[in-house]
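Enquirer: A single structure is presented below for examination.
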Amino acid sequence: MVIQLPLLLPAAGAAAWAVTRYHLKGEDLSRYDVNQPVTFETDPDSEGVREVNAYLLENYVRPAKAASGSRADQLKARRARMDNIGLTREFPKEISFKSDTLASGGVEITGEWTRAKGANPDRRLLYIHGGAGTVGSAISHRGITSNLALRTKASIFAVNYRLMPENPRMASVQDVRAAYRWIIDNGPDGPATTERLAVAGDSAGGNLTLSLINWVRDTGLWPADAVIAISPAVDSTFSSPSLRDNFKTDLMLQTLFQRFHKVPRTALLWGFWGLYRLSPSEPEISPIFADLSGLPPTLVHVSSTEMLYDDARRYVAKAQSQGSPATLQSWSYMPHVWHAFDRMLPEAGDAFDEIAAFLKSNNFMRKA
């Protein structure tokens, strides 16, 4: 029997629509578009904002436009630039760094402890760095981990999860889970059960942080006392309006999204599936699509002018609607993960103070 092509086309189109609608897109997240005022208004013409914008233009926007050589060489250069930030920065004398290693499933996972003088080895914070899943390390994020260590006197372990494209997307998920299991029973001085435990991460690390706490709840592991997500990416289905609305004001992320900014959403969804062989609405990849009930106290920081603004707002609104104690704090005119620019922006110091206050209010600072 010969089936004519005109008869197949409608069926194929209907199948593609069904897969897109029910498998790739996930639930309609617009129901969580709660209009919340910005928590902290800042001056868009302040010296710090001008300085950091000039820095981003010089170190992100212009290099991205002028990039040459193979993609592998470009990626190697970006990784080196990020690590150089942590290697060349001067830190207070009371801050120390110590490398450590854990093994999981035949994979060796490295990381680094950041401690301030007088740090409690049994008060631990697992830090998960950002970098779009392709760049970044414990070294590149020493500025953030040292600020957290100074304010909390906790022992901060930043994990070097496996990066793409050398490794599959799920490798990072597996590595942070292994690091969480490990840090419960291992501190900076060796094996020892933790007294207090928190998890924090920025951008792609914020994504991994929020995915991780869902898994911890579902597996019944020692729950974190508190969770911090800084400018987290929580939705890989590209549904957040701020991805488009804040494209021009987010100098850091626009370099990452400039090739995809005008691509139709359906094409992006299928492209994601084709690249990773994962649905972009899979909760392990997009934690906003998970059940968000029964989670630890969670603080989310975001700038109202960055592309991930609506990701953060929607995540907190959904978590609150499902009974989890989630808090959103937003700043105006700040760059993506402005916490990393503490030497330029006073607002970065303010943000770290808010994180410390949040941790203290959730008993992270108290001895068990």
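Enquirer: Go through (1) modelled with pLDDT of 90 or more; (2) under 28 Å from Leu253 (Cβ atoms); (3) not basic (Lys, Arg) for Ala103 and report which single condition fails.
Expert: Result: Ala103 fails condition (2) only.
Enquirer: Return the pairs, sorted by first residue and then second, in which the second residue is of a type in the set (Gly, Ala, Ser) and assigned to a helix (DSSP H, G or I), the first residue lies in segment 76-88 and is crowded, with 17+ Cβ neighbours inside 10 Å, the beta carbons are less than 9 Å apart, and the residues are 6+ apart or on different chains.
Expert: Within 9 Å, the pairs are Gly86/Gly143.
Enquirer: Sticking with this structure for a sec: Could you tell me which of the residues Leu256, Leu221, Leu208 is surrounded by 23 or more Cβ atoms within 10 Å (Cβ to Cβ) and not basic (Lys, Arg)?
Expert: Criteria check complete, one pass: Leu208.
Enquirer: Yes or no: Lys248 modelled with pLDDT of 85 or more, surrounded by fewer than 16 Cβ atoms within 10 Å (Cβ to Cβ) and within 30 Å of Tyr55 (Cα to Cα)?
Expert: Yes.
Enquirer: Please identify the pairs in which a residue from segment 339-368 that is touching a residue at least 12 places away in the same chain (Cβ under 8 Å) and under 18 Å from Pro92 (Cα atoms) has its Cβ atom under 8 Å from the Cβ atom of a residue that is surrounded by fewer than 18 Cβ atoms within 10 Å (Cβ to Cβ) and of a type in the set (Phe, Trp, Tyr), counting only partners at least 6 apart or on another chain.
Expert: Phe341/Tyr55; Met344/Tyr55
Enquirer: Got a sec? Which of Thr110, Thr145 is modelled with pLDDT of 95 or more, farther than 19 Å from Arg78 by Cα and not in a strand (DSSP E or B)? Even if it seems obvious, please write down each step before you answer.
Expert: Details: Thr110 fails: not in a strand (DSSP E or B).
Step by step, each of Thr110, Thr145 is checked, and only Thr145 is modelled with pLDDT of 95 or more, farther than 19 Å from Arg78 by Cα and not in a strand (DSSP E or B).
Enquirer: Which members of segment 147-162 meet the condition of being touching a residue at least 60 places away in the same chain (Cβ under 8 Å) and under 17 Å from the mean Cα position of the chain (by Cα)?
Expert: Passing the criteria: only Leu148.
Enquirer: Taking the criterion of being touching a strand residue (DSSP E or B) at 6+ places or on another chain (Cβ under 9 Å), in a helix (DSSP H, G or I), acidic (Asp, Glu) and crowded, with 23+ Cβ neighbours inside 10 Å, would at least one residue in segment 351-358 satisfy it?
Expert: No, there is no match, as no residue in segment 351-358 is touching a strand residue (DSSP E or B) at 6+ places or on another chain (Cβ under 9 Å), in a helix (DSSP H, G or I), acidic (Asp, Glu) and crowded, with 23+ Cβ neighbours inside 10 Å.
The values are calculated or read from the model by the stated rules, or taken from the named source; none is laboratory data. Just so we're clear, the structure is a prediction, and the values are computed from it rather than from any experiment. When we count neighbours, we look across all protein chains shown, and the Cβ atoms used for this are built from the backbone with ideal geometry, even at glycine.
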